[in-house]
Amino acid sequence: MICPVQGIPQADKLFSKRTVMHTFYARRRNAATKSAPRTISSLLRPISDAGGALTRLDERIARSPIGEGWIERSHFADACASLWIDGELVHLEDLVLHDAGADIRAPTHELTIARDALRTRRRIVAQPPG
């Protein structure tokens, strides 16, 4: 995976999927080679490990100098993904330009919905915890 920020030590490690989900995928590969049927109890450990890895990633992002940019990019990606679930295609680049007010053509209905989803995510994050 290409690191979006150059010159920051350990940035590749921060953005690497392997560091986040290594345990989950390793257990998944090992379990796939076994012929035993998967039960919910066999999934609890990998789910717990993945949750712990995501929590550690969240803490590393919060303390990182590039954390704010990472979070902002995830807002854009999630806003596009929320429309893709509904079968609507919104390009990430179009949403970025529209959010910055730099788009050159009239926004589509889907782009307007994606911008609303983006604003909602930002509003939720801005709320104090509790």
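The values are calculated or read from the model by the stated rules, or taken from the named source; none is laboratory data. Given the structure is predicted, the values throughout are model-derived calculations rather than measurements. Don't worry about glycine lacking a Cβ; one is built from the backbone with ideal geometry, like all the others, and counts go over all protein chains shown.
Things to note:
- Elements of type helices (runs of 4 or more DSSP H) in the range 38-102, at least 2 residues being under 18 Å from the mean Cα position of the chain (by Cα) and more than 25 Å from residue 116 (Cα to Cα): 40-63
- Of the criteria (1) at pLDDT below 90; (2) polar (S, T, N, Q); (3) surrounded by 13 or more Cβ atoms within 10 Å (Cβ to Cβ), which one residue 120 fails: (1)
- Residue 120 being closer than 27 Å to residue 67 by Cβ and in a helix (DSSP H, G or I): yes
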